[in-house]
Every structure is written in C-alpha cells, then in structure tokens.
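Participant: Dumping the structure here so I can ask a few things about it.
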Amino acid sequence: MEKEEVQDLLRRYREGTCTEHEIILLEKWYAEIAQNEQLPDEQIDLQAYQSRDYDRLKAIEQRLRPSVVKPIRSRRMISIAASLLALFTIAGAAYWIQYQKHSGSSPQKALEENGPGGLTTVLTLSNGQKIKLDEKGQKELAKDAGLLVQMNNGKVIYKVSDDLPVSATADQMNTITTPKGERYELILQDGTKIWLNADSKLTFPVSFNGRKQREVFLSGEAYLEVAKNPRKPFLLKSNEQVVTVTGTHFNVRCYLNEPIQTTLAEGGVTVSQTQTGKTAKLTPGRQSIVTIDGILIKEVDPDDYIAWKLDYFVFVQTPMKQVLTEIGRWYNVQIDESKIPSESFDGRISRRLPLSEVLHLLELNTDHKFKVVERRITIQ
C-alpha cells in the first residue's frame, strides 16, 4: 500500500471507523511486515506509533506469537510490530463495536470458503417454538404480559417487569443453540451477559424472579459477565462441573470428550466437580481443568482463552489435534485424524480469514500440507 493509504487506514483503525475489508487489508499488511522484516521508512511515521522503551517492546514481542513463520528479530522491526500490536489492541474494541453493527453473528466473509453452509443460531422457547436468529436489526421474538424477548443486532435480550407474577415464568426455560461457524450474544433477565462460541448450547430460565439462585446449563463454550447479586448466587452447570459465582467474568469450555476448562478474568468463582465433590476456588489469571483424576489449577493469560469472543484463534503450545479441532468447529469441516502430526503450535489467527488462508498459515509454521476435500481437512 502507498504511504498515504497506510497512514489513513492506521488512523481510522485507531478511531474505529475502518470497514471490515480495510481491517483485513491492514492485517495482511501487518503480517507481511512481520514475515519479511521490511518496511520502507517513508511508509509510516515511526514517531507517531513507536515507543522508545526497547526492553518493554522486546517483552511484548516475545508474547506476540504472530501468525507467520518468521520471528521478528531486528530491533527496528520489534519496535514497529510491538507498537502496531498496541495500536491494533487499542483500536480493537472500537472496531468490534462497529463490526457488530454489520455482523451480529458470524463473519460471513471469513467463512465464504468452507463456511457453515447456511446454519444459524436457534432460540427454542418453553412452548417448543424454534426461532432462527438469522436476521439483523431489531425484532420482538416473544411478548407477553410483563415479558419481552428482543433480538437487537446480533444479541437476544430478555426483559421482565418487576410486577410480573412469579408464577407466570416459574417453569419457563429457553435454550439458545449455536451451530458450527457461528457465535451469539445473550443478555439474561438479570443483566448477565453471555457470549456463546460455535457448536454450543445454553438452557436458562426466562426470569430469575422467585428463585433462590440463578441456574443455567451449558454445553460447549461461553464467556460470561455475571451481574452482581450476593443474595442470589449464579450457578453455571455443565457435564461433571458446577461453577458458583455472585458476580464475575469468566470463560467455561465444556465440549464433549474434552477436559472442562474454567478461566477466570475478573472476580472469583468456586469450581465443583460433581462426581467427586472436590472443589477449587479461582482467582483472576487462573484456570481449572476438571478431569477424572480431580481438579488441576494453573496460571494462564485469560486473554488467550477469551480471544474467540473477538474472533481470534489463540494457540499456546496447543497440540495440533486440538488446533485442527478448533478450526474444524469454526469452519464446519471434518478432520482426517489418521495423519495428525504430534507437534504443538503457537499462534494468533483471525477467524475472519478464509479457511484456505488459515491452513496456509499452518503450513508456514509446520512441515505439513493441509488440503480440504469435500469439507474434510487432510494432512500430508
């Protein structure tokens, strides 16, 4: 790109006014910088985007884990890459707000190749009615005396009047189900915000009024920002685990045939293993892993485990089988497991990229070739 175009795109990225196409152009431009270690001086004003603290930049670079094969080695390129990372991070929140206005559920351009094939998130009401959440804008999904369920630009919002009789919603349970290749946001009646990852299901009461505790049931993966209410604990139940909180931010991953992971970003939670009765308390930056042997606790960077909410894969010494499982789940493709390599993978990859580009990045980082034949990834 020309100097003026780069400068203009970086400025508008920072302001959160870039289009989705322009974001992809910037990501590719940044990847070329990291891979080639070349950037003409005239293309960017380093004084505007570069910190002078080299030691700090080096530390950031070590955590960068770019989705390209070449590490960034030169002092100058470390500064550029780290400062661009900071720029992209700061701008990311603003961009995501803008991006949600245009794409409430799944980034379709990223899924043009081997996408989810028309699958969409479904809301199942207590009477069995199924509603496809495939429209943009605002829409009333259900309305009764004192109860309102709305769809608003990619999220479902539950509102219940305080004077609505408890009996009116006492037994009403709804379920939201996301297919492979799509995620969705939900705001419960108490104000709790929940983001569901692909191939997940959440069952929850229409209202928590009249209940001693707030119980929801999850399979798959979700990130939750639980509304504080010390008098009414929030329980997230999944296969073999219960997470108890009063108000906090955390991520739970409980896909079938995988260890259950709970990662705490803010506040505190208690994790209980249902079969053994063992419990563990988490503090921010810690993760529990529930297995048949008990509960393992380790320190992690929570951002790595909630990056999916911002449409990124982040892999940290992740076995290739799990890497391909994640990719297959998002792009709705099967994996040929007969030749999965045994090595691990580190990298950060946008989920907005087409599948072919994601696999190309894997090829750059491994000695293997990946092909898609009839919605099935094969390894060579």
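For (1) hydroxyl-bearing (Ser, Thr, Tyr); (2) more than 23 Å from Thr121 (Cβ to Cβ), each residue gets a yes or a no:
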| residue | (1), (2) |
| --- | --- |
| Ser219 | yes, no |
| Ala227 | no, no |
| Ala280 | no, yes |
| Asp311 | no, no |
| Thr325 | yes, no |
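Participant: Would you mind telling me which numbered condition in (1) surrounded by fewer than 20 Cβ atoms within 10 Å (Cβ to Cβ); (2) touching a strand residue (DSSP E or B) at 6+ places or on another chain (Cβ under 7 Å); (3) not hydroxyl-bearing (Ser, Thr, Tyr) Gly277 fails?
Facilitator: Failed condition: (2).
Participant: I would also like to ask the following. Can you find a residue that is within 26 Å of Lys155 (Cα to Cα), small (Gly, Ala, Ser) and surrounded by fewer than 21 Cβ atoms within 10 Å (Cβ to Cβ) anywhere in region 221-231?
Facilitator: yes
Participant: Got a sec? Which helices (runs of 4 or more DSSP H) wholly within region 273-380 have at least 2 residues that are outside the structural domain of Glu185 (by TED's automatic domain parsing), over 21 Å from the mean Cα position of the chain (by Cα) and free of Cβ contacts under 8 Å to residues at least 60 places away in the same chain?
Facilitator: 355-365
The values are calculated or read from the model by the stated rules, or taken from the named source; none is laboratory data. Computed from a predicted model, the values in this text were never measured in an experiment. FYI the Cβ positions are ideal-geometry reconstructions off the backbone, even for glycines, and counts take in every protein chain you see.
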